[in-house]
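Read through the structure below, which is laid out as structure tokens, and then see the notes.
What follows draws every value from the coordinates through simple rules; no lab data is involved. Quantities reported herein were computed from a predicted structural model and do not represent experimental measurements. So basically every Cβ, Gly included, is an ideal-geometry build from the backbone, and we count neighbours across all protein chains shown.
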Amino acid sequence: MDMSNFFAPNSLQGAAVLTVVLAFAGYLVTFLSTRMMAQRADKLRLVDKRLNEFCGPLYVASQAGHIAYQSMLKKQGKEKNIIVTEEELKDWILWLNTIFMPLNNIREKIIIEKAYLIVAQEMPQCLLEFVTHVVGYKAVLAKWAKGDFSERRSLIDFPPGFDDYVQRSYTALKAEQQRLLHSTAWNIYYRLFHR
């Protein structure tokens, strides 16, 4: 048997090598593509969970609370509600019991029960301050239930950065969700023509 023919390249051997190389390349592309799609799907599931269970409900409750608070101030002809006067006390009790505390309780529950979905590496200070603000109002309501109206506000102020944090987090997650939902080509088009 002549071994020189075996080692000499011919078109049949070249085609066989090319077929093996192309098959391996196809397998590699499929493997990498499948892996990237699975990673993208995992990221999208996490973003959806953060939106649906944490930032979305927190954002809606915060916006509703802000709108209600601004409406109450407008009704009173004020820009800020620092002191609740005797004339405003009846309205304040009504608004706090029926609007503000139910919304505060929703937000507090979301923060406490879904804290594992927070995007930040550490617990944001404004969230901790909000929970303590709500706890302060629970003490005020307990006094009111006993007929003691000497305290009218929580001793812990509403954290000034809370609404901004909630809105920024919600907006960032919605943008991330959109990025993960759309193809790379769509993302490039959107960045070029819509920013």
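For C55, C126, which order do you get if you count the other beta carbons within 10 Å of each Cβ and list the fewest first?
Neighbour counts put them in this order, fewest first: C126, C55.
Tell me the relative contact order for region 25-117 as a rounded percent, counting alpha carbon contacts under 8 Å between residues six or more apart.
Here the relative contact order equals 43 percent.
Convex hull over the Cα atoms of region 44-177, averaged projected area in nm²?
Its average projected convex-hull area is 8.3 nm².
For the chain, what is the mean residue ellipticity at 222 nm derived from helices alone (per DSSP H run of n ≥ 4: -39500 (n - 2.57); sum divided by total residues; nearest 500 deg cm²/dmol)?
Rounded to the nearest 500, the figure is -24000 deg cm²/dmol.
Give me the percent relative contact order of region 44-177, please, defined on Cα pairs under 8 angstrom at least 6 residues apart.
Here the relative contact order equals 36 percent.
Only helices at least 18 Å long along their own axis, judged from Cα atoms, and with Kyte-Doolittle mean hydropathy of 0.5 or greater: name those in the chain from DSSP H.
TM-like helix candidates: 11-50, 125-145.
Assuming a viscosity of 1.002 mPa s and a temperature of 20 °C, what translational diffusion coefficient in µm² per second does Stokes-Einstein assign to region 121-166, Rh being the Kirkwood radius over Cα pairs?
187
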